[in-house]
Amino acid sequence: SQNNINLGLEYVGPRTLMNRDKYPFIHTMAECLELIAAIDRSNVGIQLDAFHWYCAGETKEDLLKLEPERIITVDLNDAKIGRSRDEQLDWDRELPADTGVVDIKSFLTALVEIGYTGPIRAEPFNKELNKLETDQVLQKTMKAMRNAVSKMY
């Protein structure tokens, strides 16, 4: 891009969000990629989120179709136990690989297979985690990220 700025567009997978709006917008990877293709700018790509990938019912095969240079960033997190895919709430998640609801191994393995080398970060929306001191949050998040990556081996 001209000023070295990239824009990642994120689709939102939880059905609980689609059902609340009169006109639901983009909620699958395919729809997001269609919008990115229509924008047709080299600095616009996908902001890929493991939670939304799971909620949209997507698979490793869907990820394997991605061009790694079109992925701007990746968010890792996990879903709540006791909720079906369609009952997950966007604002209530777990740290990466904490529950095993989201298939982190398939998600990360696919990214490695396509050659993605960009940033990966944790993005839990978790009330209990937010109550902790910053150092505790960092320690728990680092442990979760290491655990998620170890699932690949």
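The values are calculated or read from the model by the stated rules, or taken from the named source; none is laboratory data. What you see is a predicted model; the values in this text were computed from it and never measured. Side chains included, ligands, DNA and RNA excluded: accessible areas come from the protein's heavy atoms. Shrake-Rupley method; radii C 1.70, N 1.55, O 1.52, S 1.80 Å.
Rounded to the nearest percent, how much of the accessible area of the range 26-153 (1.4 Å probe, protein heavy atoms only) is carbon and sulfur? Carbon-and-sulfur percentage of accessible area, whole number: 51. Computed over every Cα-Cα pair of the range 20-76 and binned at 5 Å starting from 0, the pair-distance distribution P(r) comes out as 4, 17, 28, 28, 15, 7, 2 percent. Considering only beta bridges that DSSP places wholly inside the chain, some 10 percent are antiparallel.
May I ask which of Lys105/Lys143; Lys105/Lys127; Lys80/Lys151; Lys80/Lys131; Lys80/Lys127 have a Cα-Cα span longer than 22 Å here?
Numbers: Lys105/Lys143 16 Å; Lys105/Lys127 25 Å; Lys80/Lys151 19 Å; Lys80/Lys131 18 Å; Lys80/Lys127 13 Å.
Result: Lys105/Lys127 exceed 22 Å.
Could you rank Glu10, Glu34, Glu123, Glu61 by how accessible they are, 1.4 Å probe, largest area first? Mind dumping the intermediate values first?
Numbers: Glu10 75, Glu34 130, Glu123 45, Glu61 110 Å².
Output order, biggest surface exposure first: Glu34, Glu61, Glu10, Glu123.
Tell me whether the range 73-153 comes out rounded, prolate or oblate; compute the Cα gyration tensor, take square roots of the eigenvalues as a ≥ b ≥ c, and use a/c under 1.5 as the rounded threshold. Taking the square roots of the gyration eigenvalues as a ≥ b ≥ c, the range 73-153 is oblate. Dividing the mean sequence gap of close Cα pairs (under 8 Å, 6+ apart) by how many residues the chain holds gives a relative contact order of 23 percent. From the largest down, the range 52-120 spans 34, 20, 18 angstrom on the principal axes of its Cα atoms.
Averaging the sequence gap over all C-alpha pairs within less than 8 Å and six or more residues apart, then dividing by the number of residues, gives the range 37-85 a relative contact order of 52 percent.
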